[in-house]
1. Looking at 100, 134 in this structure, which one is modelled with pLDDT of 75 or more and either surrounded by fewer than 17 Cβ atoms within 10 Å (Cβ to Cβ) or assigned to a loop (DSSP other than H, G, I, E, B) (or both)?
2. How many residues does region 1-34 contain that are surrounded by fewer than 23 Cβ atoms within 10 Å (Cβ to Cβ) and modelled with pLDDT of 95 or more?
3. Residues to consider are 162, 141, 124, 151; find the one that is surrounded by 14 or more Cβ atoms within 10 Å (Cβ to Cβ), touching a residue at least 40 places away in the same chain (Cβ under 8 Å) and not in a strand (DSSP E or B).
4. Tell me whether region 43-51 contains one or more residues that are at pLDDT below 95, in contact with a helix residue (DSSP H, G or I) (Cβ under 8 Å, 6 or more places away or on another chain) and closer than 21 Å to residue 10 by Cα.
5. Can you confirm whether region 31-40 contains a residue that is touching a Lys or Arg at 6+ places or on another chain (Cβ under 8 Å) and over 25 Å from residue 98 (Cβ atoms)?
6. So is residue 88 touching a helix residue (DSSP H, G or I) at 6+ places or on another chain (Cβ under 7 Å) and either closer than 21 Å to residue 23 by Cβ or at pLDDT 90 or above (or both) or not?
7. Report, by residue number, each residue of region 123-143 that is within 16 Å of residue 90 (Cβ to Cβ) and touching an Asp or Glu at 6+ places or on another chain (Cβ under 7 Å).
8. Across region 108-131, what is the number of residues that are closer than 21 Å to residue 25 by Cα and either at pLDDT 95 or above or among the β-branched types (Val, Ile, Thr) (or both)?
Amino acid sequence: MSDQTGRFRLREHTADVAVEASAPTLGATFAAVADGLAAAMCDDAPADGERFAVTVTAESAEAALFDYLDTLIYERDVRSVLPVDNEATVSADGVTPDGATGSHPDDGRVDAGDGRVDADEWTVDASARGVPLAAVTAREVKAVTYSEMRVERAADGWRAYVVFDV
């Protein structure tokens, strides 16, 4: 496992399911949340399936994560594939916000109070392996929610928390 790989944990959350993820980069954190979404839907995915690309743009890191996960759920529903082995890169105003100090490498735009990058446009460029739903027994995850959603810079990278409606 590379040091750029994120990890996720499924968390109990009333009638919903939550994913808590962390990784050294924001892109790896987003991919780890997406892997958590896949794990919430299916215990074991076979090795088949073709990769597909996803790109979303939004006005904040939280909105970009929401739109990315919502797009993966849409792909599941429309293309009948389970998105697994997720990979993602995230940019803020065209620059990856993963500088060594946690700042925006372009001009250091970080709020000293909460470590959030101040950017007008967030873009997620991602891919996933689409396992045919016919090949797995999948549980339904209806939607991603903004309830309790967090995307935060941490000393060792990034952390995210997302609740899904099941």
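1. That would be 134, the only listed residue that is modelled with pLDDT of 75 or more and either surrounded by fewer than 17 Cβ atoms within 10 Å (Cβ to Cβ) or assigned to a loop (DSSP other than H, G, I, E, B) (or both).
2. Of the residues in that region, 4 qualify.
3. 141
4. yes
5. Initial filter on region 31-40 (touching a Lys or Arg at 6+ places or on another chain (Cβ under 8 Å)): 32, 36, 40.
Retained after the next criterion (residues that are over 25 Å from residue 98 (Cβ atoms)): 40.
Looking through region 31-40, at least one residue is touching a Lys or Arg at 6+ places or on another chain (Cβ under 8 Å) and over 25 Å from residue 98 (Cβ atoms).
6. Criteria met by residue 88.
7. Going residue by residue through region 123-143, those that are within 16 Å of residue 90 (Cβ to Cβ) are 123-128.
Listed by number, the residues that qualify are 126, 127, 128.
8. Of the residues in that region, 11 qualify.
The values are calculated or read from the model by the stated rules, or taken from the named source; none is laboratory data. Computed from a predicted structure; not experimentally measured. Because the Cβ atoms are built from the backbone with ideal geometry, glycine has one as well, and the counts that use them run over all protein chains shown.
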